[in-house]
Amino acid sequence: MPVSAVRAVRGAIQLEVDEREHVLSATRELVSSVLESNSLTKDDVISIMFTATADVRSEFPAVAARELGLGDVPLMCAQELDIAGAMPRVIRLMALVNTALSRDQITHVYLRGATALRQDLAQ
């Protein structure tokens, strides 16, 4: 049986608009994609840190994770650095997970316009 280790998984998605339902839908898509791409269940998730650019104000991304059944997982939201020229309307996450995957087997997930952030990792 492979040995489990704590690994960090990154991901990001760019929103089309800052509207509550769109934030929740996009965040659910991002979290679900991170879990599916790495064959993870909610029980594998230790915690998730979400950041959002300063122009995302309509809802906390953690609400969407709770809607996916991650209510017992520690979740935190913070504002991304407000850097001039940065991509607008982006939600990022870093999830700490228990997995048998090695660091180089982890699939980081960058969706929609956020693929431009890490073209080397984009799906």
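The values are calculated or read from the model by the stated rules, or taken from the named source; none is laboratory data. Since the model is a prediction, treat every value here as computed from it, not as a measurement. All Cβ positions, glycine included, derive from the backbone under ideal geometry; neighbour counts span all protein chains shown.
Just to be sure before I move on: is Val73 touching a residue at least 12 places away in the same chain (Cβ under 8 Å) and either under 23 Å from Leu117 (Cβ atoms) or aromatic (Phe, Trp, Tyr) (or both) in the structure I sent?
no
Kindly indicate which of Leu35, Leu117, Leu81, Leu111 is within 13 Å of Arg10 (Cα to Cα), out of contact with any Lys or Arg (no Cβ under 7 Å at 6 or more places or on another chain) and either surrounded by fewer than 16 Cβ atoms within 10 Å (Cβ to Cβ) or modelled with pLDDT under 95 (or both).
After ruling out the rest, the residue left standing is Leu117.
So which residues in the range 45-87 are within 13 Å of the chain's Cα centre (by Cα) and part of a strand (DSSP E or B)?
Selection gives Val45, Ser47, Ile48, Met49, Phe50, Thr51, Ala52, Leu75, Met76, Cys77, Ala78.
In the range 1-32, what count of residues is obtained for those that are surrounded by fewer than 20 Cβ atoms within 10 Å (Cβ to Cβ) and small (Gly, Ala, Ser)?
Qualifying residue count, the range 1-32: 5.
Using beta carbons and a limit of 9 Å, which pairs, at least six apart or on different chains, have the first residue in the range 85-103 and over 9 Å from Ala52 (Cα atoms) and the second one aromatic (Phe, Trp, Tyr) and surrounded by fewer than 16 Cβ atoms within 10 Å (Cβ to Cβ)?
If the second residue must be aromatic (Phe, Trp, Tyr) and surrounded by fewer than 16 Cβ atoms within 10 Å (Cβ to Cβ), no pairs are left.
Which members of the range 104-120 meet the condition of being among the β-branched types (Val, Ile, Thr) and without any contact (Cβ under 8 Å) to a residue 40 or more places away in the chain?
Of everything in the range 104-120, just one residue is among the β-branched types (Val, Ile, Thr) and without any contact (Cβ under 8 Å) to a residue 40 or more places away in the chain, namely Thr115.
If you scan the range 69-78, which residues turn out to be buried (at least 18 other Cβ atoms within 10 Å of the Cβ) and either of a type in the set (A, V, I, L, M) or closer than 15 Å to Glu21 by Cβ (or both)?
Selection gives Leu70, Val73, Leu75.
Run down Arg57, Arg92, Arg66 and say which single residue is among the basic types (Lys, Arg), loosely packed, with under 13 Cβ neighbours inside 10 Å and at pLDDT 95 or above.
Being among the basic types (Lys, Arg), loosely packed, with under 13 Cβ neighbours inside 10 Å and at pLDDT 95 or above holds for just one of Arg57, Arg92, Arg66, which is Arg57.
For the subset of the range 1-32 comprising residues that are of a type in the set (A, V, I, L, M, F, W, C) and at pLDDT below 95, which member is farthest from Gln105 (Cα to Cα)?
Ranking the qualifying residues of the range 1-32, first place goes to Met1.
Of the residues that sit in the range 97-108 and are buried (at least 16 other Cβ atoms within 10 Å of the Cβ) and in a strand (DSSP E or B), which one is farthest from the chain's Cα centre (by Cα)?
Thr99
Kindly indicate whether Val34 is touching a residue at least 40 places away in the same chain (Cβ under 8 Å) and over 11 Å from the mean Cα position of the chain (by Cα).
no
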